[in-house]
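The values are calculated or read from the model by the stated rules, or taken from the named source; none is laboratory data. Note that the structure is predicted; figures quoted are calculated from it, not measured. Every residue, glycine among them, receives a Cβ derived from its backbone with ideal geometry; neighbour counts consider all protein chains shown. Keep in mind that these areas ignore ligands, DNA and RNA; they rest on the heavy atoms of the full protein, side chains included. Shrake-Rupley method; radii C 1.70, N 1.55, O 1.52, S 1.80 Å.
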Amino acid sequence: KRNILNNFFYAVSILLLIASCNKRDEPLQNLIINGSAELPRYDSVPPNWINVQGHWVSPEGDSASHDCAFAQNGKHLFFAGNDTLGILQQDVSVSNYAKDIDAHKQQFIFNGYVYSLDQGPNSDQAQIIITGLDSSKTKITTIFNTDSTRSLNKWKLVADTFFAPPSTKFLRVQLIAIRHVGGDNDGYFDNIILNAVPVKNNLILYLVIAAAACILAITFRMIMQQQKTGIKD
């Protein structure tokens, strides 16, 4: 009886070990660096972003230096300056997910906030575009495009869940501010997040493999035990 009980606990231990290897409940990581404009310096191009067009800075929202909008997250926001068109860009490497991307298994979740200062029907606009790129950063396809939107005097969440096309190695995120009236370009952005969704393993397959391993382990231990008993006799 003791041997049977030991075998049972041994098998359960193997099953729990294999099942634990299948857990993927860690918090999702934001693949965008400085997605909330909180890294200094604040009076120049936001760190980890590329100023394609405009004079982008990350001022403190609702402060003496910039009082057109509260920050949606933290203290700072993305502001394109006084240019007619502002484009701020970050290329996010997703090469670590290449195998699942090429197998069309890898999903990504995007969340971002846009805001337009209320200046009437022709108020300035904000737009976010995500483009898939290959290893040479040649455009594959536009994955997500909010079009030019106006969310007057309030932050609007724009979000999408998508599969990156095969061969995608980078996701290019562009924040685009479009000025129609006034001196400043009053299309604002904040709290930009891109997450990779963990790819679920085939749990049933793991359980079958675990069960088979347990049966083999029990059988092996029983054979070994019988052989020891035979030697003693």
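Annotations for the structure displayed:
- Solvent-accessible surface (1.4 angstrom probe) belonging to His104, in square angstrom, nearest 10: 100 Å²
- Between Asp147 and Ile109, the modelled label-to-label distance comes to 2.6 nm, taking each label 7 Å out from Cα in the direction of the beta carbon.
- Accessible surface of region 48-136 [probe 1.4 Å, protein heavy atoms]: carbon and sulfur percent: 45 percent
- Cβ-defined net charge surrounding Gly112, 13 Å radius [Lys, Arg +1; Asp, Glu -1]: -1
- The Kirkwood hydrodynamic radius of region 98-202, based on inverse pair distances between different Cα atoms, is 14.9 Å.
- Cross-link pairs beyond the 28 Å C-alpha cut-off, checked among Lys75/Lys105; Lys99/Lys139; Lys156/Lys200: Lys75/Lys105; Lys156/Lys200
- Accessible area (Å², 1.4 Å probe, nearest 10) - Ser116: 0 Å²
- Cα centroid of region 84-120 to Cα centroid of region 44-63, whole Å: 17 Å
- Projected label distance in nm at Val181 and Ser93, using a 7 Å step from Cα toward the beta-carbon: 4.6 nm
- Normalised per residue, the accessible area of region 55-125 is 45 Å², obtained with a 1.4 Å probe and no contribution from ligands, DNA or RNA.
- Most to least accessible of Arg179, Arg150 (protein chains only, probe 1.4 Å): Arg150, Arg179
- Legend: residues Tyr188, Tyr113, Tyr42, sorted from most to least accessible area (1.4 Å probe; ligands, DNA and RNA excluded), read Tyr42, Tyr113, Tyr188.
- Using a probe of 1.4 Å on the protein chains alone, the accessible area found for Leu85 is around 60 Å².
- Subtracting the Cα-Cα distance of Asp43 and Ala159 from their residue separation scaled by 0.36 nm leaves 38.9 nm.
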